[in-house]
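Values in this text are rule-based calculations from the coordinates and carry no lab data. Small disclaimer: the values here were computed from a predicted structure and weren't measured. For neighbour counting, all protein chains shown are included, and Cβ atoms are generated from backbone atoms with ideal geometry for every residue, glycine included.
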Amino acid sequence: MERILQFISVVTFLIPLFSSFLTLFYSFVIKKKSYKISIFFAYLTLFSSFVLTVIFFISNIRHFRVFENSIFYMSITSLSIIVLLFVSLVSLVIHLYSIKYMFDDEGYIRYFVLLDLMIWVIFGLVISGNIIFMLGFWHMMGVVLYFLLVHNYKRRQTCKYGYYTLFTHMLSDIPFLFAAYLIYAYYDTTNLDTFLSIVSNRITVHVLFFDITISSVIAFLIMLSAIIKSAQFPFHIWLPFTLEGPNPVSALMHAGIVNAGAFLANRFAPLFVFGESALHLALIAGFITAVLGSLLMLVQNDIKKALAYSTVGQMGYMMLEIGSGAFALAIYHMMVHGIFKASLFLGSGGVIGEARESNNISNKSIFDFYFKDPKEHLPSKISFFMIVLVAPATLAYSIFYIFNAFNYQSGTLFFFFAWASGVQAVYALYHNSKNFKRFLFFTTILYITALIWYLLAEHFFNILLFTNTGLLKELYMKAQIPNAVFYTMGGIILSVYMISWIFTYCKIGKNCTDMKYFIKVYNFFYRILVRDLYILDFATKYSKKTVDLSLAINKKLKY
Amino acid sequence: MEILISVLTLFILPLFPISILVNKFIFKLEAKKQIILVFLFFASGIFLLEKIPHIKDNHLVVLVSLLSAAFYTFRLLSVESVSRYLLFLYVILSSFAWLCKSIGLGMTIYLFLFMPAFIVFMAMVWFLVNRFGVVHDKIISGLGSVMPKFSLLFVSALFLIQNIPVMIIMELFKKQVAGTWYIVIIVLAVIWIFVNWAGVRLIEQIIFLKPVRRFRYKDISFVQVVLASMVLVFEIVYTIYFLGRNAV
């Protein structure tokens, strides 16, 4: 059975590469029709991944190896299998969508060739068990993505923003490169499984200085690499500007490529038991990114840019999950977010078209509805506060009782953001409803269902991805930060939420004269957010200065 | 005799500041002669470098070659002429050759890792000179949409050359370095970022954007594509073999 799995995994890995070359080769013969070769192989890839998944789970083998002791070493676990299937599915959808969407574009076949190459690179990253092999694919992901994004290279803006993506991806390669070097230098191996086994069994512990071990440094570097690749603050700038690329590329990127950091973190999960600092870094980076990404989304007036910043926020949540020890939940989040965001991007073109034809834009605000005539809307106010207070309390109690979720800080974090998201969702959606009570009732049911589903999904993925439950508990324990810091962070964000809700009510309410100071503060923050905290302006200014300095030296020296 | 060979090699595989004299001499020549001379200098320089003894682990050589590579990489950012880009790239690769020698790499490494992509790149520049007579980026642009085969080879060769610092870092893996060698790795990583930045700027100027209408464009022939592709594939295969040597 293992031989069959090995064979199918090699075939699945090679199909996209073969498709890429064949499509390119036949484009010289049959011109544009060679896209059909790419589509055929996309179907074949999905079929092959599906067969591999079925046989893998039937066979009860949880881990198998191919080409051991070579640079092409493939180490395939349940994580790899799930991600392979997911990426194959997304790839097929994007292939099919692109047939008509990209048809009139110059470079139609080039697009399909690069798309297949990108799928091959993602597959390579997912199945590689050799660190150098993995590093190569990690780097190639950025390069191939650059060429996909500059599809419309006749526009100067496209080239400029494509470079931001490549530059950020290269920055993420450097910590990984150093981590690979340290692994080789101190553990004398490039085999990922051997390295993780040595670290987990505490066979050798190398200490640098001040009790800082090499394993913790490696963990920190790996996490840093994952953070940069996953568009965490302040390395998130490239993500909104990838909208210069074709829509299907945005869909693939938001569904698959930007999640590579979560995959890398999961792949190195046993290492983080010895790298608390790495988990704390992920927690803080994720926290800041989740809040900032969501805030930045609110100030966008372009639907696709809003979606991009929404992805930034979601990547923040994903990194928050990793930082709090919920590695399996991050994989589930990655997949669910990938599917929903890809479908949003693929559908955004149609939505924009429809919106341009329609004049029905609602001006009602939540506070007009609730507080304009308090007597009329009193029952709604009661039901409104119910969702704010009662629903999460009931849920927390039930979950606490069933799953002991509050044993770790991750449980508290999860419920906090679930509550905030639920309330915000109700605020945002209420004006679409004709009968608010019915809307609130069904929203509450849906909300509770979604939360329980999320928790069950975490439980399921934990069993699927981590056979060692002791490792999971250790990760949760190591992810804990001092309670004072944790609750201070929670208190700050809770205050921000409450102040902003109250402020929004006061701003829209009748008596705004006392709010002038707060409006000034609001405008100040709005200006900063609209300019994305001036990070892009800063980067552009200093990169231009660097090039100008180089030019000045060239003019003076000439040779 | 050894001193003579060392001095000669220093002029053929120049390091800063000798590179200024060498480039000044080369730049006075016609574009095609520049390319031929750079190729001859580089190829012969590598053979001469092999003959020089007592360079292994010489910290002075390491320092000068790193500084030279870093300095010319920085200058590469604002180069506006493909000929000058080629000259600066030649100095950077020369610096890497000296660095590899001081690390203890054999001649086969720079022959098979450096040379193939550099030869293809030089061939593409030769093609541009032949076709257009000038290689200034302000005159040529948008070749990607009118000369796709040329563009693919140009970009592939450039990206392979740009990854040479990483190959050197990989070789340093085997040394299991300590102390000053960490600084070498860090500097090489920074050079890698900058050389890619410069490469992307060149690609943007030559391959991307809109083509200039007053030129007549004719792509490279099928035979030339096959030959250049074979050289690049050879380098890719050798790179994988090279990386595989480090795999345990």
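The table below gives the values:
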read-out: Long-range Cα-Cα pairs in chain B (distance over 33 Å), rounded percent; value: 17 percent
read-out: The stretch A:176-249: translational diffusion in µm²/s, Stokes-Einstein, Kirkwood Rh over Cα pairs, 20 °C, 1.002 mPa s; value: 149 µm²/s
read-out: Student exercise, the protein assembly as shown dipole from Lys, Arg, Asp, Glu Cβ charges, in Debye to nearest 20; value: 2340 debye
read-out: For the protein assembly as shown, share of DSSP beta bridges that run antiparallel, in % to the nearest 5; value: 100 percent
read-out: Pairs of alpha carbons in the stretch A:145-184 whose separation is greater than 11 Å (percent); value: 64 percent
read-out: Burial ordering of A:R65, B:R213, A:R527, fewest other beta-carbon atoms within 10 Å first; value: B:R213, A:R527, A:R65
read-out: Zero-based 20 Å bins, Cα pair distances in the protein assembly as shown, whole percents; value: 14, 45, 32, 8, 1, 0
read-out: Rounded to whole Hz, the Karplus (6.51, -1.76, 1.60) HN-Hα couplings of the stretch B:196-208, x for glycine and proline; value: 5, 4, 5, x, 5, 4, 5, 4, 4, 6, 9, 8, 8
read-out: Segment A:T546-A:V11, extension gain: residue separation times 0.36 nm, minus the distance between their alpha carbons; value: 188.0 nm
read-out: Diffusion constant of the stretch A:158-299 at 37 °C, which comes from Stokes-Einstein with the Kirkwood Cα-pair radius and 0.692 mPa s, µm²/s; value: 202 µm²/s
read-out: FRET efficiency, 1/(1 + (r/R0)^6) with R0 56 Å, evaluated for A:I212 and A:I30 via beta carbons; value: 0.40
read-out: Computed label-point distance, nm, for sites A:L171 and A:I55 using a 7 Å Cα→Cβ extension; value: 4.3 nm
read-out: Selected from B:P14, A:S91, A:A282, residue furthest toward positive end of dipole (the protein assembly as shown; charges at beta carbon); value: B:P14
read-out: Stokes-Einstein translational diffusion, the stretch B:46-153 - Kirkwood Rh over all Cα pairs, 1.306 mPa s, 10 °C, in µm²/s; value: 102 µm²/s
read-out: Cα-based shape type of the stretch A:65-195, given that a ≥ b ≥ c are square roots of the gyration tensor eigenvalues and the cut on a/c is 1.5; value: oblate
read-out: 22 Å Cα-Cα threshold exceeded, pairs from A:K304/A:K341; A:K556/B:K24; A:K160/A:K541; A:K556/B:K33; A:K100/B:K149; value: A:K556/B:K33; A:K100/B:K149
read-out: Förster radius 56 Å - calculated FRET efficiency between B:V7 and A:F18, Cβ distance, rounded to 0.05; value: 0.60
read-out: Contour excess over end-to-end distance, with Cα ends at A:D105 and A:R3 and 0.36 nm allotted per residue; value: 32.4 nm
read-out: Value of Rg/Rh across the stretch A:161-203 [Cα atoms, Kirkwood radius]; value: 1.21
read-out: Relative exposure of B:E235, A:E2, A:E474, judged by other C-beta atoms within 10 Å (fewest first); value: A:E2, A:E474, B:E235
read-out: Convex hull volume per residue for the stretch A:118-194, taking Cα atoms only, in Å³; value: 63 Å³
read-out: Approximate spin-label separation A:K154-A:T469, in nm, with each point projected 7 Å along Cα-to-Cβ; value: 6.2 nm
read-out: Exposure proxy order (Cβ contacts within 10 Å, fewest to most) of B:V187, A:V530, B:V82; value: A:V530, B:V187, B:V82
read-out: Rough spin-label spacing in nm, given labels placed 7 Å along Cα→Cβ, for A:K555 and A:S70; value: 5.6 nm
read-out: Relative contact order, percent, the stretch A:198-342 [alpha-carbon distance under 8 Å, six or more residues apart]; value: 29 percent
read-out: Size of charge dipole - chain B - debye, nearest 20, with Cβ of Lys, Arg +1 and Asp, Glu -1, no other charges; value: 700 debye
read-out: Estimated FRET transfer efficiency (A:R527, A:K437; beta-carbon r; R0 45 Å; 0.05); value: 0.70
